[in-house]
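*Asks:* Pasting a structure here, questions to come.
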Amino acid sequence: MRKSAAGMIFLKAPDRDVHADTHAVENTVKMVLDDVRLRGSAAVRDYTRQFDKSELSTFGVSPDDIATSVDGLDPQTRLDTVAPPAIPQSASEGLEGHRRAAAARKEAVLF
């Protein structure tokens, strides 16, 4: 039995330990997202260098890479993610819909 800081009693709650406590990870993710919102591409470049040990000159995706990715989708995933151009959907009017339609046409979209 364990009692929380708010006074709640847990009959079968596991003890918090390094393996179950995600507080530090959540704080790191929040910090990274806040930094990306504030500094944009400069922050993404810095974190790519820090975490991936990679220097990117561009964040764009080539038409060949898009084609390879789209061709590699299983049929159901493709149906779930690529809207047919003849059927208007509210998502296809926004940025994400534009990206999906471009990917279906195997075009690069850089923005």
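*Asks:* Quick test for you: out of 36, 70, 25, pick the one residue that is of a type outside the set (D, E, K, R), modelled with pLDDT of 90 or more and under 20 Å from the mean Cα position of the chain (by Cα).
*Replies:* Criteria check complete, one pass: 36.
*Asks:* Considering only the stretch 24-56, state which residues are out of contact with any helix residue (DSSP H, G or I) (no Cβ under 8 Å at 6 or more places or on another chain) and of a type in the set (S, T, N, Q).
*Replies:* Correct list: 27, 28, 41, 48, 50.
*Asks:* Pairs please, first residue from the stretch 64-92 and part of a helix (DSSP H, G or I), second anywhere and at pLDDT 85 or above and surrounded by 10 or more Cβ atoms within 10 Å (Cβ to Cβ), Cβ atoms under 8 Å, 6+ apart in sequence or on different chains.
*Replies:* Going by the 8 Å Cβ cut-off, the qualifying pairs are 81/73.
*Asks:* Which of the residues that make up the stretch 36-51 are surrounded by 10 or more Cβ atoms within 10 Å (Cβ to Cβ) and part of a helix (DSSP H, G or I)?
*Replies:* 36, 39, 41, 42, 43, 44, 45, 46, 47, 48, 49, 50
The values are calculated or read from the model by the stated rules, or taken from the named source; none is laboratory data. All values reported here derive from a predicted model rather than from experimental measurement. Methodologically, a virtual Cβ is constructed for each residue, glycine included, from the backbone with ideal geometry; neighbour enumeration extends over all protein chains shown.
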